[in-house]
1. Between Ala321 and Arg95, how many nm apart are label points set 7 Å from Cα along the C-beta direction?
2. Using a Förster radius of 25 Å, what is the FRET efficiency between Asn369 and Tyr427 based on their Cβ-Cβ separation? Nearest 0.05, please.
3. Rounded to the nearest 20 Debye, what is the dipole magnitude of region 282-411 about its Cα centre when Lys and Arg each give +1 and Asp and Glu each give -1 at the C-beta?
4. At Ser291 and Ser248, where each label point lies 7 Å from the Cα along Cα→Cβ, what is the point-to-point distance in nanometres?
5. How big is region 412-477 in terms of Cα radius of gyration and Dmax, in angstroms?
6. Let me have the relative contact order for the chain, percent, based on Cα pairs under 8 Å that are six or more residues apart.
7. Anything over 28 Å Cα to Cα? Flag those among Lys223/Lys303; Lys198/Lys348; Lys31/Lys223; Lys85/Lys267; Lys388/Lys472, in the order listed.
8. Report the residues of region 237-273 in range of a label on Trp357: point 7 Å along Cα→C-beta, backbone N strictly under 17 Å from it.
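Here, each number is a calculation from the coordinates, and none is a lab measurement. Since the structure is predicted, the reported quantities are computational estimates derived from the model, not experimental observations. Heads up, the Cβs are rebuilt from the backbone with ideal geometry, glycines too, and the neighbour counts pull from every protein chain shown.
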Amino acid sequence: MDGHPNFDKSEWKYYLDEAEQTPEVAENLAKLRENATSLQPEAIHFIDPSMGSGHVLVYAFDVLMQIYLDCGYTVRDAAQCIVRKNLYGLDIDKRAYQLAYFAVMMKARQYDRRFFTRGIQPNLSHFQDLPKMEYSVLNEPLRSFVAQFENADTYSSLLTVHADADLDVAVDAFEGMIGFDRSQMEHLMTLYRILSQKYDVVVTNPPYMGGSGMNATLSAFVKKHYPDSKSDLSTCFMEWCEQFMLDSGYYGMINIPVWMFLLSYEKLRKKILKNNTYNNMVHFGRGVFGSDFGTTAFIISKKKIPNYVAVYRRLFKKQGAVDSIEQKEAWFFDGMEYHTAQQENFSKIPGSPVAYWVGEAVLDTFNSNQLLGDIARPRVGQNTGDNKRFLRLWFEIEREKITFGLKHEELKTRSYKWIPYNKGGEYRRWYGNQEYLINWENDGKEIKDYAVVRNHGKHWLRYIQNVENMCKPGVTWSFITSGPFSVRFLPSGFICDVAGSAIFPDSKDILELLVICNSKFATLILQVVNPTINMQASNVASIPIIFDETQKPHIDALVEENIALSKADWNSFETSWDFKGCPLV
């Protein structure tokens with residue numbers, strides 16, 4: 001399409017046309033696309049590095065066939081060229097590879113009935129079940145070549161490979177030697193050929209695996225080779241695409257949308273903004289794969305094109321809602337939530353989220369105001385590692401064994417065991433959700449000792465954090481937030497959980513932060529920096545502080561009244577430890 005804009009795409013019902021560009025960008029694009037006018041279909045290299053059973057390759061086959069026919073090829077010649085020259089694929093699983101092999105061959109036979117007799121093999125391979133070779137019988141460069149495929153059945157396409165120029169000579173020299181299997185070597189050579197070239201197009205639905213699901217070998221590998229995307233294999237494959245694309249190339253991907261917003265992927269987002277260009281995106285939300293975690297499909301080009309205007313489609317109305325594929329398709333064709341955005345604007349927002357729907361007025365609030373994190377840094381709570389062991393509901397413990405109202409400075413001087421524990425809870429503003437206790441006897445010695453065990457003998461601070469703020473008054477919120485953002489006053493004497501993180505500002509600022517964070521404005525801002533159900537401390541720190549000091553006395557009085565009303569409501573039920581009796585009696 002870059003080189004042949006008159007190409008007939010009338011049957012591509014999901015194709016997103018490019019947005020209108022400024023004259024300067026249009027001129028830049030024309031220069032970048034000059035070489036595409038002479039591009040021949042046989043020169044297009046297309047790969048799916050996690051091909052599964054070959055769905056993407058089969059779809060690409062039909063698109064390539066249309067391109068070949070437009071260029072005057074016969075159907076039979078086109079089918080042969082596509083298998084020999086265009087399509088490449090890899091997968092970690094041998095069975096998936098076999099299914100993909102079958103699918104591509106049957107697709108070729110659809111266009112060429114005698115294809116099976118032509119001896120053409122697709123450029124596909126797999127990593128699983130690679131037999132181990134006896135390295136001791138091999139000399140260089142063969143030994144180094146084989147050794148780099150060790151653990152290939154764990155790393156899969158994320159491998160980076162190389163080969164010495166004399167490799168073919170070395171293979172011939174070891175033909176027939178004990179411990180040397182020519183078929184094994186041919187398998188490795190096929191993998192090498194696929195992994196050692198650059199591609200015009202990479203399209204994939206990558207594997208999804210967070211760091212906690214990786215074994216030690218894989219975890220160490222991605223931390224070393226993919227440091228900016230190591231939190232999930234799906235994002236590691238985004239970096240892989242960057243490495244394996246030609247300078248004029250594109251990569252398209254179906255992925256979970258966490259990389260668009262979460263703090264752990266900020267470096268990846270900034271790398272894309274610096275080096276690449278978002279071309280378009282369809283942000284599906286949940287429901288494409290049933291009750292999934294959400295899905296987004298996008299195309300990114302290797303070239304950085306300043307001020308490029310990309311197209312974004314948002315196919316959900318409420319965060320977390322599960323809509324059917326039929327509903328999303330109807331919304332797509334109805335033109336629902338059509339957005340255009342320049343990616344440079346993403347950098348104006350803390351964390352550089354892919355907030356494509358945000359207008360100029362909201363962007364300006366980040367640049368012209370102080371952020372909440374500049375006043376008081378939101379803090380993550382504790383991770384006990386075993387809540388069943390260390391936590392209790394307040395009514396499970398005798399009243400005289402509970403210490404309420406403990407001050408921070410009393411943690412090391414007073415005798416106590418059970419103290420209040422702030423664990424988040426349901427949507428509630430101003431006050432409440434106070435139900436749990438934690439065993440913090442001897443300044444949390446038992447919990448800290450267990451944290452050392454969990455941390456393989458290292459310090460407990462990895463799990464027991466922000467001890468300098470324990471039992472201080474502050475502002476707290478629930479980590480899981482499916483509706484409007486809600487914060488509550490946190491009295492003295494609480495230790496916070498990860499699910500009940502908090503802010504500990506100067507006492508004079510507590511009421512001010514309560515009213516700002518409980519405003520519609522804060523909910524709007526947080527939907528920009530992280531429109532997921534998990535509200536991280538870094539997201540809350542990004543709220544711009546817009547406050548009229550002349551109104552502070554009046555607003556503080558209203559906030560105090562709201563806290564008092566919410567506290568009275570909370571204490572009117574038996575779930576509160578301050579319950580005295582039903583107010584209606």
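1. Modelled inter-label distance: 3.8 nm.
2. 0.40
3. Taking the Cα centre of region 282-411 as origin, the dipole is about 320 debye.
4. Those two pseudo-labels are separated by 4.9 nm.
5. Answer for region 412-477, Rg first and Dmax second: 13.8, 40 Å.
6. Value for the chain: 10 percent.
7. Lys198/Lys348; Lys31/Lys223; Lys85/Lys267
8. Flagged as within label range: 257-262.
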